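The values are calculated or read from the model by the stated rules, or taken from the named source; none is laboratory data. If you're wondering where the values come from, they're calculated on a predicted model, not measured in any experiment. Cβ atoms come from the backbone with ideal geometry, glycine included; neighbour counts cover every protein chain shown.
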Amino acid sequence: MNTYIVLLRGINVGGRNKLLMKELIVILEELGCVNVKTIIQSGNVVLQSNNNKAAELSENISQAINQQYDFEPHVHILTTKDLQQAIDNNPFPDAKLDPNTLHFGFLEAIPSLPNLVKLEDLKVPSESYQLINKVFYLNAPDGIGRSKLAAQSEKALGVSMTSRNWRTVEKIQDMLRALEKR
C-alpha cells in the first residue's frame with residue numbers, strides 16, 4: 001500500500017470549481033483509495049492506494065472529478081519521501097516562525113529552462129526565493145496577495161506548480177504521522 005499526498009489545484013477558489021471535501025473523499029474511495037483524510041477546503045488529501053503509479057492515479061482522480069463536476073483540476077501527487085525532502089531542503093528555516101509567509105511551490109517537474117532573470121525582476125527586496133529540485137520556495141513576508149513574484153513564478157519557471165504555505169505543509173505532515181500510527 002502506497003501513501004500519497006494529493007494536492008488539487010484551483011478548486012473552491014472564488015466560488016469556482018466547487019468541490020466539497022466529503023464529496024472528494026467519495027470519489028477517491030470509488031477509485032480504490034483508503035484511509036482518505038482531507039485538510040481545509042482547498043484540496044489537500046492524504047490517502048493510501050495500491051496504485052504504484054502516481055501519474056496514473058493523478059489522471060484518474062482528475063478524470064473522475066471532471067465526469068461528476070464538469071471541471072478537470074490539476075492533481076499533483078507527492079510521496080511521503082517527496083514531502084519530507086521538500087521540508088528538509090527548506091532554505092528559509094527562520095520563515096517557519098511566521099507560517100503564512102513561507103510557501104512551497106510543488107512543481108510537476110524540474111524546470112528545464114527557468115527564467116531566473118524574470119524571477120529576479122519580479123522580486124521585491126523583502127522577498128526571497130530558491131528553486132531546489134521540484135520545489136520553488138518563496139518567503140514573502142509582506143504576503144503573496146500583492147506579490148508579483150508569487151503571481152508570475154509559475155510562468156517564469158515554465159512548469160505547472162501548486163503552492164501551499166508552511167502552516168498547510170505542517171498540517172499535511174501531521175496527517176501523515178497520524179496515518180502511520182494506525
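Data for the structure
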item: Residue in region 84-106 that is loosely packed, with under 13 Cβ neighbours inside 10 Å, outside any loop (DSSP other than H, G, I, E, B) and either modelled with pLDDT of 90 or more or in contact with a strand residue (DSSP E or B) (Cβ under 7 Å, 6 or more places away or on another chain) (or both) present; result: yes
item: Region 79-96 residues that are at negative phi, paired with ones that are among the aliphatic types (A, V, I, L, M) and assigned to a helix (DSSP H, G or I) (beta carbon under 8 Å, 6 or more apart); result: T79/A54; T80/L176; L83/V169; L83/I172; L83/L176; A86/V169; I87/V169
item: Residue within region 141-162 that is part of a strand (DSSP E or B) and either surrounded by fewer than 19 Cβ atoms within 10 Å (Cβ to Cβ) or in contact with a Lys or Arg (Cβ under 8 Å, 6 or more places away or on another chain) (or both) present; result: yes
item: Check on T38, of a type outside the set (D, E), buried (at least 18 other Cβ atoms within 10 Å of the Cβ) and either outside the structural domain of N165 (by TED's automatic domain parsing) or in contact with a strand residue (DSSP E or B) (Cβ under 7 Å, 6 or more places away or on another chain) (or both); result: yes
item: Verdict on L113 being more than 18 Å from the chain's Cα centre (by Cα), in a loop (DSSP other than H, G, I, E, B) and not small (G, A, S); result: yes
item: Unique match (being in contact with a strand residue (DSSP E or B) (Cβ under 7 Å, 6 or more places away or on another chain), farther than 19 Å from M175 by Cα and either of a type in the set (A, V, I, L, M, F, W, C) or surrounded by fewer than 17 Cβ atoms within 10 Å (Cβ to Cβ) (or both)) among L8, L57; result: L57
item: Selected residue (criterion: farthest from K181 (Cα to Cα)) from residues of region 1-18 that are of a type in the set (A, V, I, L, M) and in a strand (DSSP E or B); result: V13
